[in-house]
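Working notes, structure below.
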């Protein structure tokens, strides 16, 4: 794993950090690979209960792609297609993670940075954060998977407003547009993001994973079959349900084991 993407663990909470603070965490090919590989490896770990995605430092989540790489890696159709396929594989790794995900957003979150953050389940930012997709200023288009994710989050009208204007806007407007889940004072972003992660981690991990699976399945227009409709009731045969039920009756804090 390259050092420009870090993985840190605090019990069942894992932090994946974009670690190029000297470049405001501008995204490189290696970073897209690093984030993809980090989420893919964590997806196989049963003891993970929440993943926090953040940028190093407090000035930026990520300002998008590192333009310095364009000359060598994104200067023509073939290169751009290869780069886009890498981006999309990273986005899928985040979107399809079975573990709950929280984006901890400080400072700038635009372009590719916003594309990463918007795939997380919960996005928490500071009042001073800034958002946008000003790629029409570069003569660059957003690909279908990114546009689809943006439309899913904010709707077609707002997605086109963001893309056509190419304007960078503040956290309050991002909240209004449904780009972020919660806005807090800048000094409290880390505190709130990790408090959120701890609340998630305190819940039954199987239930959290099921809820993510069910929500993703509901994006598919196909009717649910009988087996799928019955799946929510499988939780009643788990050890976690029995533990949670007993603890509730005893007014105790449950200790869930993911079984």
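Every number in this text was worked out from the coordinates using simple rules, so none of it is lab data. All figures in this text were calculated on a predicted structure; none of them were measured in a lab. Please note: Cβ atoms are built from the backbone with ideal geometry, for glycine as well, and neighbour counts cover all protein chains shown.
Before moving on, here are some points about what is shown:
- Principal axis analysis of the Cα atoms in the chain yields extents of 61, 43, 36 Å, listed in decreasing size.
- Percent of Cα pairs exceeding the 24 Å cut-off, where the set is segment 26-146: 25
- Helix 77-95 axis versus longest C-alpha principal axis of the chain: approximately 20°, rounded to the nearest ten.
- Simple spin-label estimate for residue 81 and residue 151 gives 2.3 nm between the two label positions (7 Å along the Cα-to-Cβ direction from each Cα).
- Histogrammed with a bin width of 10 Å, the alpha carbon distances of segment 204-250 distribute as 23, 45, 23, 8, 0 percent, first bin at zero.
- Gain on full extension, evaluated as 0.36 nm per residue between residue 71 and residue 228 minus their Cα-Cα distance, stands at 51.7 nm.
- Angle in degrees between helix 144-154 and the longest Cα principal axis of the chain, rounded to the nearest 10: 60
- Segment 5-200 - percent relative contact order, Cα under 8 Å, separation 6 or more: 21
- With kT/(6 pi eta Rh) evaluated at 10 °C and eta = 1.306 mPa s, and Rh the Kirkwood radius from Cα pairs, segment 74-113 diffuses with a coefficient of 130 µm²/s according to Stokes-Einstein.
- With the simple model of a label 7 Å out from the Cα in the direction of the Cβ, residue 8 to residue 160 spans 4.3 nm.
- One quarter of the surface of the convex hull around the alpha-carbon atoms of segment 161-259 equals 10.1 nm², the direction-averaged projected area.
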